[in-house]
Amino acid sequence: KQEVTQIPAALSVPEGENLVLNCSFTDSAIYNLQWFRQDPGKGLTSLLLIQSSQREQTSGRLNASLDKSSGRSTLYIAASQPGDSATYLCAVPGNAGGTSYGKLTFGQGTILTVHP
Amino acid sequence: KAGVTQTPRYLIKTRGQQVTLSCSPISGHRSVSWYQQTPGQGLQFLFEYFSETQRNKGNFPGRFSGRQFSNSRSEMNVSTLELGDSALYLCASSPLAGGVYEQYFGPGTRLTVT
């Protein structure tokens, strides 16, 4: 059974800092890993999808890396801003041919607060 | 393209009642998945539909059911509501088989059971 863990559970930083969010998963046979952002009471916004064959994926100030063999991914946020304050979630899908295909397993999330 | 839409956005029901939630995927997307989000359990997978067929189901009681129509719109139904069903219900769509492709989430339906 796939399990996803995110560390830290919460993070508070001053504006302008570079920061790293961590995600680990127990079953390394994944197709991809997706990072999401969730604002309070809202839906999920997809930030980055990194395929299993990729090592990194970048979008603006965000950079996600994936190390399948060690079961880890990191989300790097450069020059953080108060508008980055949100909960960040990572998720991995099940595997083709398995009963969990099509299901995303989520971590518990990291609550990020960027203060001015 | 319009994003994933969910209706209604907010709902208040009484224990024992039933409720139907609706999800319209992004145009052209054929896979729709449903998730329940609560503070204690986080995001939990309910089920996934693809081309009107349920392909995968999470570990929820039979009170939770769903369906998908030929236009890919999906509904989920919860019968005999319990207090513990209070949650944010999210649906996600993807072009083909969910999970392999990027999933796009709607704004959610906030269900409160009193």
- Item | Under 14 Å, Cβ to Cβ, from B:GLY28 - net charge with Lys/Arg +1 and Asp/Glu -1 | +2
- Task: Just order B:4-15, A:41-52 by mean Cβ neighbour count inside 10 Å, highest at the front, would you?
- Result: A:41-52, B:4-15
- Message: Between region B:52-114 and region A:13-89, how far is it from one alpha carbon centroid to the other, in angstrom?
- Response: 25
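Please average, across the residues of B:38-44, the number of beta carbons from any other chain that are within 10 Å of each residue's own beta carbon, and give a whole number.
If you average over the peptide's residues, the count of other-chain Cβ atoms is 3.
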- Query: Looking only at other chains, what is the average number of their beta-carbon atoms within 10 angstrom of each beta-carbon in A:31-38?
  - Reply: 3
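Read-outs throughout are calculated quantities, based only on the coordinates presented, and are distinct from any laboratory measurement. The shown structure was predicted, so the numbers you read here are calculated from the model rather than taken from an experiment. As a convention, Cβ positions derive from the backbone with ideal geometry for all residues, glycine included, and neighbour counts pool all protein chains shown.
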